[in-house]
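> Just passing along the structure, written as structure tokens.
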Amino acid sequence: METCDALIVGGGPAGSSCAWKLRQHGMAVTVLDKATFPRDKVCAGWITPAVVQALQLDTEAYARERVLQPITAFRTGLIHGRELETRYPAAVSFGIRRCEFDDYLLQRSGARLLLAQTLKTLEKRDGLWIVNEAVAAPLLIGAGGHFCPVARFLGAKLGAGEGAVTAKEIEFEMNPQQRADCRVRGDAPELYFCRDLKGYGWCFRKGDYLNIGLGREGNQGLAEQLVDFCDFLRQRGRIPGNIPDKFHGHAYLLRGYSGRKLADDGVLLVGDAAGLAYAQSGEGIRPAVESGLIAAAVAVETGGDYRYQRLQAYRERLRARFGPELTPAGGMVAGFLRDILAGALLGSRWYTRHVVLDRWFLHAHQPGLQ
Ligand SMILES: Cc1cc2nc3c(=O)[nH]c(=O)nc-3n(C[C@H](O)[C@H](O)[C@H](O)COP(=O)(O)OP(=O)(O)OC[C@H]3O[C@@H](n4cnc5c(N)ncnc54)[C@H](O)[C@@H]3O)c2cc1C
């Protein structure tokens with residue numbers, strides 16, 4: 001049996017960030033992932049500057065061999081509605097490709113990697129977590145995304161009774177004709193909201209790659225709305241006529257709508273496993289990275305005493321940073337009023353810049369994690 005100080009299940013941004021930080025404190029860390037890396041992840045691939053800062057990413061070095069698309073503007077509006085362009089004097093976000101980004105972070109973490117290995121068995125014996133009867137550790141980090149097996153072990157009812165967001169997207173390399181026909185600019189991703197404001201579609205160009213998708217609360221009507229959204233983009237001449245039609249879907253939880261247990265004796269959940277994505281934008285990479293780093297900091301501070309009482313600090317810090325696990329119901333704008341407001345507010349330049357973009361999408365009011 002192999003032993004280590006911390007065993008992390010899942011090598012996405014949450015797991016690799018946590019591994020990176022624990023390694024900096026001299027801990028022996030193993031990351032187990034069912035995929036071989038580089039692997040893709042259903043995602044638009046948009047990161048905010050807070051992610052770059054928290055990860056101390058050397059953007060110049062990163063961009064030398066990978067896609068890093070600076071974003072200095074957004075086109076926004078309602079699907080089938082009027083569009084607005086909002087410009088910024090400098091880059092306010094970046095476009096990355098998850099197959100490159102996740103692999104880069106995982107390799108950089110310095111952890112021992114057990115890839116192409118699905119978690120099959122998990123038990124606790126003599127104070128140690130034992131995974132697949134092959135690795136043992138006193139500290140277990142569940143970073144396996146929405147369907148994380150460690151979250152299941154802690155009692156999460158994966159896929160049942162949880163109000164998840166569902167989303168579908170494609171990302172493909174455009175051929176020369178498609179590049180010529182695509183009017184979406186790399187520096188200006190396009191975001192178009194559903195009329196009921198329960199979701200939005202995006203169209204995002206990163207170098208020669210185009211990423212198109214739509215995400216909504218629940219999964220009702222997702223396929224139809226996606227078809228309608230692509231038709232709308234074609235009618236407006238934004239995208240080439242012949243895009244691939246094999247969209248990939250995924251679900252995840254938003255902070256404020258997830259009651260998952262986040263910690264127990266010797267175990268913490270991070271990233272999507274903990275249901276941390278921002279509610280208004282669905283941005284999940286920043287919360288994944290930040291929760292991974294916070295989990296590592298809390299673990300180090302315990303000095304190796306991983307009893308629940310000591311790990312509870314993790315829950316408190318997530319609350320302070322991301323708000324309560326469950327937002328009280330009742331504060332939402334009634335459906336019909338929301339429709340009327342949507343059209344009016346998304347046509348306002350002030351509201352679009354200061355509320356929709358700066359607050360909901362860029363979280364400019366919340367400084368990066370120190
Ligand atoms: C369509 C869509 C678009 C999105 N766009 C954005 C965006 O533009 N920007 C943004 O910030 N967020 C976006 N998100 C959210 C973002 O993708 C997630 O919040 C983020 O990937 C969470 O990272 P993570 O490390 O927690 O999980 P993941 O990235 O899902 O990584 C989990 C890892 O665990 C591994 N794993 C799972 N089960 C097992 C198992 N049983 N055994 C071993 N390993 C396992 C998986 O192989 C995977 O590598 C989007 C989500 C969707 C669905």
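The values are calculated or read from the model by the stated rules, or taken from the named source; none is laboratory data. Since the model is a prediction, treat every value here as computed from it, not as a measurement. So basically every Cβ, Gly included, is an ideal-geometry build from the backbone, and we count neighbours across all protein chains shown. Keep in mind that these areas ignore ligands, DNA and RNA; they rest on the heavy atoms of the full protein, side chains included. Shrake-Rupley method; radii C 1.70, N 1.55, O 1.52, S 1.80 Å.
> For segment 215-335, what is the accessible area per residue in Å² when the probe is 1.4 Å?
Values: 5200 Å² over 121 residues.
The answer is 43 Å² per residue.
> Sticking with this structure for a sec: Using a Förster distance of 41 angstrom, determine the FRET efficiency expected from the C-beta separation of GLN220 and GLU301, and round it to 0.05. Numbers along the way, then the final one.
Values: r = 44 Å, r/R0 = 1.07.
My answer for the efficiency is 0.40.
> In addition: Place +1 on the Cβ of every Lys and Arg and -1 on the Cβ of every Asp and Glu in the chain, take the dipole about the Cα centre, and give the residue among ILE285, VAL150, LEU341 whose Cα lies farthest towards its positive end.
LEU341
> To continue, here is another question. Probe radius 1.4 Å, ligands and nucleic acids ignored: give me the carbon and sulfur share of the accessible area of segment 212-370 as a rounded percent. Walk me through the intermediate numbers first.
On the way: 3960 of 7270 Å².
Carbon and sulfur atoms account for 55 percent of the accessible area of segment 212-370.
> Taking square-rooted eigenvalues a ≥ b ≥ c of the alpha carbon gyration tensor, is segment 20-62 rounded, prolate or oblate, where a/c under 1.5 means rounded and, failing that, a/b exceeding b/c means prolate?
Details: a/c = 2.24, a/b = 1.11, b/c = 2.03.
The shape class here is oblate.
> By how many degrees, 0 to 90 and rounded to 10, does the Cα axis of helix 98-108 deviate from the longest principal axis of the chain?
For 98-108 against the chain, the angle is about 30 degrees.
> Classify the chain as rounded, prolate or oblate from the Cα gyration tensor: take a ≥ b ≥ c as the square roots of its eigenvalues, call it rounded if a/c is under 1.5, otherwise prolate when a/b beats b/c and oblate if not.
Details: a/c = 1.90, a/b = 1.59, b/c = 1.19.
Prolate shape, in that a/c is at least 1.5 and a/b is the bigger ratio.
> How large is ³J(HN,Hα) for each residue in segment 173-181, as worked out from phi by the Karplus curve 6.51 cos²θ - 1.76 cosθ + 1.60 (θ = phi - 60°), to whole Hz, x for Gly and Pro?
7, 7, 7, x, 5, 5, 4, 5, 7
> Lysines near LYS206 by alpha-carbon distance under 28 Å, same-chain residues fewer than 8 away left out - which ones?
Straight-distance partners of LYS206: LYS34, LYS41, LYS168, LYS198, LYS246.
> Still on this structure: What part of the accessible area of segment 112-189, given as a whole %, is carbon or sulfur when the probe is 1.4 angstrom? All intermediate terms of the calculation are to be shown ahead of the outcome.
Values: 1850 of 3690 Å².
Carbon and sulfur atoms account for 50 percent of the accessible area of segment 112-189.
> Here's a follow-up. Roughly how many Å² is the accessible area per residue of segment 1-86, as a whole number, for a 1.4 Å probe?
Numbers: 3330 Å² over 86 residues.
In whole numbers, segment 1-86 has 39 Å² accessible per residue.
> Right, another one. For a quick protection proxy, order the peptides 307-314, 260-267, 176-183 by their average other-Cβ count within 10 Å, most packed first.
Numbers: 307-314: 15.8, 260-267: 20.0, 176-183: 13.9.
Packing order, densest peptide first, comes out as 260-267, 307-314, 176-183.
> Relative contact order for segment 188-281 using alpha-carbon pairs under 8 Å, separation at least 6, rounded to a whole percent? Intermediate values should be presented prior to the final figure.
Details: 88 pairs, mean separation 13.9, N = 94.
After rounding, I find 15 percent.
> To the nearest 10 degrees, how steep is helix 222-235 against the longest Cα principal axis of the chain, on a 0 to 90 scale?
40
> Once the Cα atoms of helix 335-346 and of the chain are each reduced to a long axis, what angle between those two axes, in degrees from 0 to 90 to the nearest 10, is obtained?
70
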